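Participant: Just dropping this structure here.
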Amino acid sequence: MEIHKILESLEKGKISVNNAKKLLSLYSIEEIEGIAKIDINRRKRRGIPEVIFAETKKLDEIKKIIKITLEKTNSVVVSRISKKDYPKILLLAKKLKVKVKIGKNSSTLLLFKNPIKFDGGKIGILTAGTSDIGVAEESRLMCEAMNCKCITSYDVGVAGIQRIFPILKKMIKEEVDCIIVAAGMEGALATLVSSMVNIPVIGIPTSAGYGYGGKGIAALASMLQSCSLGLSVVNIDNGIAAGSIAANIANRAVQKNRTK
């Protein structure tokens with residue numbers, strides 16, 4: 001039973017306070033064999049789905065967390081899956097009879113039971129280069145898990161600055177609520193985009209880069225030092241964080257408009 005239905009039933013006297021408390025406890029924390037404590041109610045409380053950081057977990061642990069999470073919620077994002085585990089997670093999804101969204105050049109998957117309704121906000125996602133696509137796609141899957149529509153355009157960095165203008169024009173016309181910019185090397189695209197639009201911009205410095213300031217250090221420093229106001233920055237390669245922040249901004253904007 002959904003939270004609002006439990007509260008409605010309590011208000012109408014259909015269930016007791018103790019019964020309501022027991023039902024609501026089902027939406028709190030789900031402990032999995034001493035290895036994980038799943039925040040089942042996070043989606044309803046914060047609008048953010050459960051995310052499994054798979055990079056440092058054993059395959060058996062990942063599978064157990066996926067199974068329990070999907071028993072309690074509609075979707076789960078599994079990020080940073082190793083190459084050897086990736087096909088096994090896809091096979092598990094098939095066995096569980098759940099649908100999968102795959103990120104281009106990405107090791108992140110979105111698993112879901114029922115179709116996702118794109119009734120949230122609208123988000124633009126850009127990358128400076130092809131090497132940044134995997135991180136951007138991680139953001140896209142996170143945004144879509146939070147019911148947001150995404151407009152994407154990749155490889156539009158400052159090395160060929162003329163490429164950015166048509167897509168920015170489209171995003172402005174489509175009235176996106178937030179723009180995510182993933183850029184490596186010196187990370188200049190985030191500052192450029194932020195200086196041209198009146199839309200919140202979230203920069204993701206990526207680890208595409210080498211030499212002095214390589215592995216995303218120069219891009220992070222550049223974005224943090226940006227003189228363009230309206231630009232926020234997440235950690236290196238943190239597409240999940242950028243996606244969740246952008247979706248929260250976009251969904252809140254939509255909710256505000258609907259209540260006017």
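Here, each number is a calculation from the coordinates, and none is a lab measurement. Keep in mind it's a predicted model, so treat the numbers as computed, not measured.
Participant: Could you name the lysines in cross-link range of K57, using Cα to Cα under 22 Å and dropping any fewer than eight places away on the same chain?
Facilitator: Once the sequence-local lysines are set aside, what remains near K57 is K37, K67, K72, K83, K84, K88, K94, K95, K101.
Participant: While we're looking at this one, here's another question. Using only the alpha-carbon atoms, how far is helix 59-72 inclined from the longest principal axis of the chain? Give it as 0 to 90 degrees, nearest 10.
Facilitator: Rounded to the nearest ten degrees, it is 60.
Participant: Please list the equivalent ellipsoid semi-axes of the chain, computed as the square roots of five times the alpha-carbon gyration tensor eigenvalues, in descending order and whole angstrom.
Facilitator: The answer is 35, 23, 15 Å, longest axis first.
Participant: Can you give the extra length, in nm with one decimal, that the chain gains between K256 and K58 once fully stretched, where that is 0.36 nm per residue apart less the Cα-Cα distance?
Facilitator: 67.1 nm
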